[in-house]
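The values are calculated or read from the model by the stated rules, or taken from the named source; none is laboratory data. All of these numbers come straight from a predicted model, not from anything done at the bench. FYI the Cβ positions are ideal-geometry reconstructions off the backbone, even for glycines, and counts take in every protein chain you see.
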Amino acid sequence: MAVSRAESVPAWQRGKVASWLVTTDHKRIGILYISTALVFFVLAGLMALVFRLQLSQANADVLSADRYNELITIHGTAMVFLVVVPLLAGFANYLVPLMIGAHDVAFPRLNALSYWLFFLGGAILMGSFFADGGAADTGWTAYPPLSTQATGNGQDLWILSLHVLTASSLAGAINFIVTIHNMRARGMTWMRMPLFVWSILLFAWLLMAILPTLSAGLTLLLLDRGVSIGPWDVQTNFFNPAEGGSPVLYQHAFWFFGHPEVYVIVLPAFGIISEVLPVFSRKPVFGYKAIAASTVAIGFFSMLVWAHHLFTVGLPISLQVFFMLASMIIAVPTGMKIFNWLATLWRGNLHFETPMLYALGFLSIFVIGGLTGIYLAAFPIDWQLHDSYFVVAHFHYTIFGGAMFAIFAGLFYWWPKMFGRLLDERLGKWQFWTLFVGFNLAFMPQHFAGLEGMPRRVYTYSNESWEGYNLASTIGSYVMGVAILLFVVNIWRARSGPRVGNDPWQADTLEWYTTSPPPPHNFDDVPYVTSARPLYDLRRKLRIERGGREPA
Amino acid sequence: MRRFSLAFAGIVLVAAIAAPSALAQFAPVTPESPNAEGIRQSYLFVSIFVAGIFVLVEGLLIAFIWKYRRRRRPRFEDGAPIHGATKLELAWTAFPVVVLFLVAAFVFIELPGIKDIPEATAGEEQLEVRVSGRQFYWQYEYPNGVIAVDTMRAPAGVPVRLEVTAPDSDVIHSWWIPPLGGKIDAIPGTVNQTWFEADTPGTYHGQCAELCGLEHANMLASVEVLSQPEFAAWLEERRAEQTAGSGELGAETWEGVCAKCHGLAGEGGIGPRIAGSLVLADPEALESLVRNGRRTMPAVGAGWTSEQVEALANYLKESPPSGS
Ligand SMILES: [Cu+2]
Ligand SMILES: [Cu+2]
């Protein structure tokens, strides 16, 4: 099968570079996604290092207000749309077909299109720095009227980039849904599906549900800014109060997308943790059904909480009460997951290779992000904390401390599957500890700055009592930079790292059944799946066949 | 391997001890108004549970990491299977429900004290001030037509009702003086309400909390709480000055409105240098410029009373910006 495919490929597509450019192999597309997103990660991280310098002391003079606003806008937009979501989409691309025993995704060419749209959207966003008037500078939320009044082309390119990225995500989401619904191995019922696949299923369904709202909001924003279609100049007033529009309408559209987007990010991170913890505890995950059910519950409730981002716009109290209660309800399935993971460790045989360190680091940090969310859900408290540095700290605890730590767990865990070689453990551990310390140093003090009245998105401040927090935060961000540098070194050195077999971690799921890296068609044969841990079952069968005792 | 798990346990342990004490210490700033007090109470109440859950989860995590580390067991030996923990699962589903119920209940108890403006007590009236957020200054309008910029004066011990808004041509800002309560957005086309009642005279600082453009960071606000007689005297004096086209309003307007972008001495900032500009000396040109804006300069004076324009023009005549 592999041979016939290779023969059918025209000569010009066989070159080292060309074969990547035209690939429709989900594994290569996954690697493209992950590597491109890591490049954007470094870029957006460097932006943060620059503006952290500006904030390191009161009245600093490193950046102009203009540049500062551009950097925070693109940093935020890129980290969400070009880094975290594509990294997870990369994992999904690489792993979902392997985990469900399929040969590829349902629509390989659509999959390639989705990657190239992502690449294009990213290039537009990064390129917008060179546009007339510079990049967008109205924050990653781009609230009108500020964003409709913004001059130059940066804001238009920002809208264009997000439109392209939305198309990319929709294509990806459709692909994952069709693949997961139709292409699972024989015997893999819903309740035998790896938890990571469950999380990607919800990730995809959520994207389908929320992206159209974002597209609509962005389109109205673009029309409000004015466009020329052929001979017609169109300029609408959806968000312009002078002509009867409502600026708050945009905020509803944005956050109807924006809040579930948090779970689009966090659910696959949960999925990664649910795969890594059991393998390094030598136990099945505790409460498989509860974790799967809580994934669905979180996905559903995440669509009912968006207006907790609008507690200060003057919503009627009854609505604020509704959105407070809905936001709090999400804490219940999230809490279930945390306790299930703790119970997975309970009585296990724990060892602390880098993926496990990251998974444990995720647990210890994500809890903090979850807990600070309770303050923000309680709307009178939010009136005090909203748009302050407390919020900045909160969402970095969930998105960096949560999702990025899980992503690093995933990178160290699946790297040997992707490349057949291990990443260096010593460097990995150094990186973990540097990142763990740097992260907490960078973001813990921001809670306190916010409580003392420091609003977010200020390019300068004169209140000297905020200086200590900000200096600590800046130092922490550079420590994080060192950690990322260690990771880059690790990747570089891994090209000649030790080779590994199919299943170096003795894991449970199907991707470890095939070779590392897997052949283009993934599997020569796929075993009949008899539980949620097919490889564990196989190993046990083998042991029994060889006359070994069945372990108690 | 061992070293790392030890270090991990150590760090999480330190965090677990430090965090709750930090939480108690780090709450919203000392309140000076009942609504800020109610918010702080709610914050502290939530903190009890937050600290408890934090210690519980991080504590279990450390304990398990310590207790179930591999030691001399074979690398791939299975951990002990766990069967039938339904009760446990029910418990940790019910536990957050109870906590959240308590938190919500406490919020409902505190809510009226936070959102409702107290009834005026006998002999006193509420004061109503219209607050308008504008790029990049705060404009206050008192019932008798007195205008102030950036610094609001208010009487001690009197409930002050704020009607917070922004002109149609402007962008969204957010009114926030932390010791005097939570924030409320100043949205073009909408009038939002908030209030405070400060008993202690003094100056309380805050700043705009919604990104509103280049000088968002410098859109500071303060409330100077005066004793009631002092406030009454200020309001009357200000009324008289304004009618005469003299007094502080001109200086306040220069500093709050013009200087944010053009510098205190007109030396230039994000806006061009304007010291020596002929427009400053020509009241008519000045009026048309501030009312209509020009190119990237917003119409900072749209909707100003002629008194305010006159005060600015008079101020610039008396003390033209030096340029350095
Ligand atoms: Cu949200
Ligand atoms: Cu502002």
If you go through A:R457, A:R495, A:R499, the only one that is out of contact with any Asp or Glu (no Cβ under 6 Å at 6 or more places or on another chain), of a type in the set (D, E, K, R) and on the phi > 0 side of the Ramachandran plot is A:R457
Selection status of A:V50, without any contact (Cβ under 8 Å) to a residue 60 or more places away in the chain and surrounded by fewer than 14 Cβ atoms within 10 Å (Cβ to Cβ): no
Kindly indicate the residue of the stretch A:326-360 that is of a type in the set (F, W, Y) and more than 7 Å from chain B (Cβ to nearest Cβ) and also nearest to the chain's Cα centre (by Cα) among those meeting that condition. A:Y358
State whether the residues of the stretch A:88-109 include one that is in a loop (DSSP other than H, G, I, E, B), within 14 Å of chain B (Cβ to nearest Cβ) and of a type in the set (A, V, I, L, M). no
Within the stretch A:290-306, considering residues that are within 12 Å of another protein chain (Cβ to nearest Cβ) and more than 20 Å from A:R347 (Cβ to Cβ), the one surrounded by the most Cβ atoms within 10 Å (Cβ to Cβ): A:S294
With respect to A:P268, determine if the residue is away from ligand 1 (no atom under 15 Å from the Cβ) and of a type outside the set (A, V, I, L, M). yes
Determine if the stretch A:307-325 includes at least one residue that is modelled with pLDDT of 95 or more, within 16 Å of ligand 2 (Cβ to nearest atom), crowded, with 23+ Cβ neighbours inside 10 Å and within 11 Å of chain B (Cβ to nearest Cβ). yes
Among B:G271, B:G276, which is the only one that is on the phi > 0 side of the Ramachandran plot and either surrounded by fewer than 19 Cβ atoms within 10 Å (Cβ to Cβ) or within 14 Å of another protein chain (Cβ to nearest Cβ) (or both)? B:G276
Apart from one, (1) surrounded by fewer than 24 Cβ atoms within 10 Å (Cβ to Cβ); (2) in contact with a helix residue (DSSP H, G or I) (Cβ under 7 Å, 6 or more places away or on another chain); (3) at pLDDT 95 or above; (4) within 11 Å of chain B (Cβ to nearest Cβ) all hold for A:L441; the odd one out is (4)
Say whether the condition of being surrounded by 12 or more Cβ atoms within 10 Å (Cβ to Cβ), touching a Pro at 6+ places or on another chain (Cβ under 9 Å) and within 8 Å of another protein chain (Cβ to nearest Cβ) is met by at least one residue in the stretch B:52-73. yes
Restricting attention to the stretch A:279-298, does a residue exist that is within 14 Å of ligand 1 (Cβ to nearest atom) and either assigned to a helix (DSSP H, G or I) or touching a His at 6+ places or on another chain (Cβ under 7 Å) (or both)? yes
Of the numbered conditions (1) under 30 Å from B:D116 (Cβ atoms); (2) surrounded by fewer than 24 Cβ atoms within 10 Å (Cβ to Cβ), B:A209 satisfies every one except a single condition; which is it? (2)
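For every residue, the table says whether it meets (1) at pLDDT below 95; (2) surrounded by 22 or more Cβ atoms within 10 Å (Cβ to Cβ); (3) away from ligand 2 (no atom under 15 Å from the Cβ); (4) within 25 Å of A:S147 (Cβ to Cβ).
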{"site": "B:R153", "(1), (2), (3), (4)": "no, no, yes, no"}
{"site": "B:V158", "(1), (2), (3), (4)": "yes, no, yes, no"}
{"site": "B:S174", "(1), (2), (3), (4)": "no, yes, no, yes"}
{"site": "B:I187", "(1), (2), (3), (4)": "no, yes, no, yes"}
{"site": "B:G202", "(1), (2), (3), (4)": "no, no, yes, no"}
{"site": "B:E230", "(1), (2), (3), (4)": "no, no, yes, no"}
How many residues are closer than 27 Å to B:A36 by Cβ and away from chain B (no Cβ under 14 Å) when one looks only at the stretch A:448-503? 2
Hey, among A:A343, A:A359, which residue is in a helix (DSSP H, G or I), in contact (Cβ under 8 Å) with a residue 60 or more places away in the chain and away from ligand 2 (no atom under 16 Å from the Cβ)? A:A359
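In this structure, does B:C261 turn out to be buried (at least 21 other Cβ atoms within 10 Å of the Cβ), within 16 Å of ligand 2 (Cβ to nearest atom) and in a helix (DSSP H, G or I)? Can you show your working first?
Details: buried (at least 21 other Cβ atoms within 10 Å of the Cβ): yes; within 16 Å of ligand 2 (Cβ to nearest atom): yes; in a helix (DSSP H, G or I): yes.
Yes, satisfied.
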Which members of the stretch A:136-177 meet the condition of being more than 19 Å from A:F81 (Cα to Cα) and in contact with an Asp or Glu (Cβ under 8 Å, 6 or more places away or on another chain)? A:P144, A:P145, A:T148, A:A150, A:G152, A:N153
